[in-house]
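Take a look at the structure set out below.
The values are calculated or read from the model by the stated rules, or taken from the named source; none is laboratory data. Here the structure is a predicted model, which is why all the values come from computation and not from measurement. So basically every Cβ, Gly included, is an ideal-geometry build from the backbone, and we count neighbours across all protein chains shown. In case anyone asks, the SASA skips ligands and DNA or RNA and just uses the protein heavy atoms, side chains included. Shrake-Rupley method; radii C 1.70, N 1.55, O 1.52, S 1.80 Å.
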Amino acid sequence: MGATMLLLYAVRMVRTGIERAFGPSFKRALTASRNRVSAAASGLVLAIILQSSAAVALLVSGFTAVSAISFGAGLSVVLGADLGSALLIQVFSFDLSWLVPVLLALGGGLFVKSERRPLRQAGRIILGIAFILISLRFLRETMDPIRDSSFLPAIADYLARDFVTAFIVGVSLAFAMHSSVAVILMCVTMVSIGAIPVPAGVSLVLGANLGSALIPVWLTRSMENRARRVPLANIVVRGSGAIMALFVLNETSILPYIGSLDSAQTLINTHILFNALLLTLIVFSNWLEVPFRALLPDDPPSIDDQSPLYRSVLDDTVFDRPHVAIASLRREVLRMVQLVETMMRPVMDLYSKFNADTARSVIAKDTHVNAALDEIRRYAAALQRVSLNKSDTKTVRELTEYAIAVEAAGDIVAKRLVPLARERSEKGVRFSEDGAGELNRMHDHALANIVLASNLLVSDDLESARLLLEEKQEMTRLERKSRKRHLKRLSEGVQISFASSDIHLETAGGIRDFNSHLSSAAYPLLHRGGQLLETRLIEQNYEDLEVRQR
């Protein structure tokens, strides 16, 4: 059990390290695929990088939900990911024990000593690979005494005789462990030391293939139908293929042609061959959309989706009139601000009484914000290919940069504040009366500044820009004041403040950062108006000089 847990932890460690280091690149890699072959290749590479075909399937589900990738391309990515995961098993099956000390030294050095985030994540990834190799060695060592007992041979013989049960065990293990890579590596290890026979191992591996396809179906069960189609198609394709392969390999004499009946390499050969054959089905991936669209039709639009707030106002027909197109772009950025406002408004209600439906609604709106930013970048790129004067080009760039800031503000709500509210509820944390009042004042201040930012987008008024920047400074002052008061309550021994300390400080910082992103609309206008210093150090130096002179 210890070796198994280390294996699961190591696989997750590599995946999270890569996601933290290269997360934003995954969407570009998947959505940039022009055809099914390149989509399958992208899925293959990503599965090797993430060490999980299920993780790739979940990424695809998210992108199909916002129409960033088509059904055919999405299914091709997932089928390619399954083959990538199989190739990864082959790599880890080699004797790489000599590499473990090198990986531990290099990964540990980078993770412990480096101050740069990319290098620390590289260290995490390298350490994870080393832990995978160590866990596989532990598995081999711990299976030796079990192999010599009477228990394991009896189970192994039973699984060899009853391949259907072995198949079901493989499905159950892969689903329970949420990692087909870990399950198949365990099977290969046990076959390599003679703990279980090759036929039983093959049945377990085929079951693990179906179990890994079941994971994204389960995890996307509450998502909209459009996001569930690709995982469901994948489990139908892989499930039917795995069941057919199970009976063919166990009821015929074809297995010796795949590999030796006393070698663990046969399991790997079967796994790779099975997924390579399934990959050929990408030629039919577009055709499969029709039955699965009928099985999972588009969800009826919600009240929110019917609102004009959730529809893009970009007009692709006015590129020949740049001023009209820029006005359209400005309106779309304003729509983003309004969307983020609807996300921010119920946040403190979630802190006082957490509601899961409201939280899901807020997080779902972040998808609309992200989609709006993608469309704004596309529109701005198309607009800049038109003959624009220098002033219009600068305006388009400033609007695009502000849209990026607004999207970052939405991420703060969905990925920082809402999870903190959930954590407060789950842990039963309560704020002191003063602490809750401070956070509510900051929240009200942020909502008022959203209105200011919206007005500034419409008016381009210099005085409004000055006011917005002053309000940003006021928010910084409020956050600093709240932090000092909170620390004072801690020093006075207020028990409730000890329990809520982390959540209070992180929430205050999140609201401050949210407000900073929304207030960034003031900077370009103030800079053009000559009312923004290049650096605050100038003003401070003059003040210090005056103090010394006095």
Exercise. Ranked from the most accessible area to the least, with a 1.4 Å probe and all protein chains present, what is the order of I184, I258?
Worked result: I258, I184
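Could you please report the charge total around K488, scoring K, R as +1 and D, E as -1 over all other residues with beta-carbon less than 14 angstrom from its beta-carbon? Kindly include the intermediate steps, with their values, before the conclusion.
On the way: positive: R480, K481, R483, K484, R485, R489; negative: D434, E438, E492.
Local charge sum for K488: +3.
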For this session: Let me have the 222 nm mean residue ellipticity of the chain computed from DSSP H runs of 4+ only, each contributing -39500 (n - 2.57), with the sum over all residues rounded to the nearest 500.
Result: -27000 deg cm²/dmol
Exercise. Can you give the relative contact order of the range 302-395 as a percent, counting alpha carbon pairs under 8 Å and 6+ residues apart?
Worked result: 34 percent
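If we sort 401-411, 244-254 on the protection proxy, mean other Cβ atoms within 10 Å, highest first, what's the order?
Details: 401-411: 21.5, 244-254: 13.9.
Highest mean packing first, the order is 401-411, 244-254.
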Problem set entry | Accessible area of the range 318-469 divided out per residue, in Å², using a probe of 1.4 angstrom | 46 Å²
Seminar exercise, completed: Ignoring ligands and nucleic acids, D298 exposes an accessible area, probe 1.4 Å, in Å² to the nearest 10, of 80 Å²
For this session: Starting from the Cα-Cα distance between A382 and V451, subtract it from 0.36 nm times their residue separation and give me the gain in nm to one decimal.
Result: 21.9 nm
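Can you order the peptides 506-512, 2-8 by their average number of other Cβ atoms within 10 Å per residue, highest first?
Working: 506-512: 21.4, 2-8: 17.1.
In decreasing order of mean packing, 506-512, 2-8 become 506-512, 2-8.
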Seminar exercise, completed: Of all GluC sites (Glu not before Pro) in the range 425-479, the ones in DSSP coil with at most 10 other Cβ atoms within 10 Å are none
For this session: Among V217, G72, A182, flag the residue with its Cα farthest along the positive direction of the charge dipole of the chain, charges on Cβ as +1 for Lys/Arg and -1 for Asp/Glu.
Result: A182
For this session: Determine the relative contact order of the chain: mean sequence separation of Cα pairs under 8 Å and six or more apart, normalised by residue count, in whole percent.
Result: 12 percent
Exercise. What's the lysine pair count for the chain at a Cα cut-off below 29 Å, pairs eight or more apart or interchain?
Worked result: 26
Problem set entry | With DNA, RNA and ligands ignored, accessible area of R424 (1.4 Å probe; Å², nearest 10) | 30 Å²
Exercise. Per residue, how much accessible area does the range 93-235 have with a 1.4 Å probe, in Å²?
Worked result: 45 Å²
Exercise. Using a 1.4 angstrom probe with every protein chain in place, what is the largest-first accessible-area order of Y523, Y158?
Worked result: Y158, Y523
Problem set entry | Rounded percent of accessible protein surface that carbon and sulfur make up, the chain, 1.4 Å probe | 59 percent
For this session: Express in Å², to the nearest 10, the accessible area of I235 obtained by rolling a 1.4 Å probe over the protein heavy atoms while all chains stay in place.
Result: 30 Å²
Seminar exercise, completed: Labelled set (1) 74, 54, 48; (2) 81, 66, 36; (3) 92, 63, 43; Cα extents along the principal axes in Å computed from this model equals the value at (3)
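Which order do peptides 309-319, 446-456 fall in by mean Cβ count within 10 Å, highest first? Walk me through the numbers before you get to the answer.
Values: 309-319: 14.7, 446-456: 19.3.
Peptide ranking by packing, descending: 446-456, 309-319.
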Exercise. What FRET efficiency would be calculated for the residue pair Q338, R221, taking the C-beta separation as r and a Förster radius of 25 Å, to the nearest 0.05?
Worked result: 0.20
Problem set entry | Difference of contour (0.36 nm per residue) and Cα-Cα distance, V45 to A154 | 35.3 nm
